[in-house]
Structure formats: structure tokens, C-alpha cells
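My structure is below; once you've seen it, I'll send some questions.
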Amino acid sequence: MGDILDKVTALVRCKECTWYKNCLTPVQVNIEDISQFRIAMQGTNLPEQAKGELDQIMENVASMSQEMILQSCPVFTQRLKEAPRLAEQIKNIMQSWGKEAAADG
């Protein structure tokens with residue numbers, strides 16, 4: 001009986017989650033975020049060259065983060081933490097992605 005209640009609770013938590021059916025999304029860093037960083041940098045006493053370098057670093061991080069960093073819903077994150085086998089299964093799926101299609105062709 002406990003198993004059934006756990007499954008129902010997990011399902012309800014998932015459907016109530018604001019991320020429902022969007023468990024993972026790429027991090028979105030937009031122009032507004034970069035502008036806010038620039039405004040924050042104006043209040044510092046750093047030399048102009050350092051501000052320029054930090055600005056360039058911020059743009060590079062913003063670009064890279066959209067391809068490398070994912071945001072995940074709290075339910076999905078918790079499930080991965082509680083079930084290492086699930087994380088391993090996802091990893092295996094990602095590593096073999098497209099191999100079935102190549103083998104069929």
C-alpha cells in the first residue's frame with residue numbers, strides 16, 4: 001500500500017509543479033541580464049580595462065551557459081537524487097542517442 005501512496009504522491013507533486021512537462025530547460029541569459037551586470041559594474045571603482053574584460057567574460061559565460069547549463073524542476077532534481085539508477089539510465093540513453101538509427105540504416 002505504501003508503494004501506491006508514494007507513486008500517487010509523486011504524480012500529484014509533479015502535476016502541481018510549475019515546471020510540469022518542462023523538467024529541463026537551457027539556462028536563458030538575455031540582453032537584459034547582461035545590461036543589469038553592466039549597470040552594476042558602473043558603480044565599482046575598477047579600471048575601465050578591467051570593466052571591459054569583465055563585460056567580455058560575462059558575454060562569454062552567457063553564450064556558453066545556454067549550451068552547457070540546464071535548469072531543472074525541483075521534483076525532477078529530487079527524483080534524480082533519490083534514484084541513482086534513474087540518473088544512470090538517463091546517462092546511458094544520452095550516450096547511445098542515435099546509435100539505434102545508425103544501426104538500422
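If a residue must be at pLDDT 75 or above and open to solvent by 100 Å² or more (accessible area, probe 1.4 Å), how many such residues does the stretch 12-30 contain?
Number satisfying all stated conditions: 4.
Go through (1) surrounded by 10 or more Cβ atoms within 10 Å (Cβ to Cβ); (2) farther than 24 Å from residue 31 by Cα one by one and return the number of the condition residue 54 breaks.
(2)
Got at least one residue in the stretch 32-51 being open to solvent by 100 Å² or more (accessible area, probe 1.4 Å), within 22 Å of the chain's Cα centre (by Cα) and not polar (S, T, N, Q)?
yes
Can you tell which of 11, 46, 54 is more than 30 Å from residue 80 (Cα to Cα) and part of a helix (DSSP H, G or I)?
The unique qualifying residue is 54.
Select from the stretch 52-76 the residues that are farther than 28 Å from residue 16 by Cβ and of a type in the set (Val, Ile, Thr) and write down the one among them that is farthest from the chain's Cα centre (by Cα).
That would be 57.
Another question about this same structure. Using the structure shown, decide if residue 46 is at pLDDT below 80 and either more than 30 Å from residue 15 (Cα to Cα) or touching a helix residue (DSSP H, G or I) at 6+ places or on another chain (Cβ under 7 Å) (or both).
For residue 46, the condition - at pLDDT below 80 and either more than 30 Å from residue 15 (Cα to Cα) or touching a helix residue (DSSP H, G or I) at 6+ places or on another chain (Cβ under 7 Å) (or both) - is met.
While we're on this one: Might you let me know whether the stretch 77-87 holds any residue that is open to solvent by 90 Å² or more (accessible area, probe 1.4 Å) and either more than 22 Å from residue 18 (Cα to Cα) or in contact with a Gly (Cβ under 8 Å, 6 or more places away or on another chain) (or both)?
Yes: one or more hits.
Something else: Scan the stretch 1-26 and report the pairs whose first residue is over 15 Å from residue 78 (Cβ atoms) and whose second residue is open to solvent by 100 Å² or more (accessible area, probe 1.4 Å), with Cβ atoms within less than 9 Å and a gap of 6+ or a chain change.
Cβ pairs passing all conditions: 25/70; 26/67; 26/68; 26/70.
The values are calculated or read from the model by the stated rules, or taken from the named source; none is laboratory data. Everything numeric in this text was worked out from a predicted model, so none of it was measured. In this analysis, Cβ positions are derived from the backbone assuming ideal geometry, glycine residues included, and neighbour counts consider all displayed protein chains. Ligands, DNA and RNA are stripped out before the accessible areas are found, and what is left, the full protein with its side chains, is counted by its heavy atoms. Shrake-Rupley method; radii C 1.70, N 1.55, O 1.52, S 1.80 Å.
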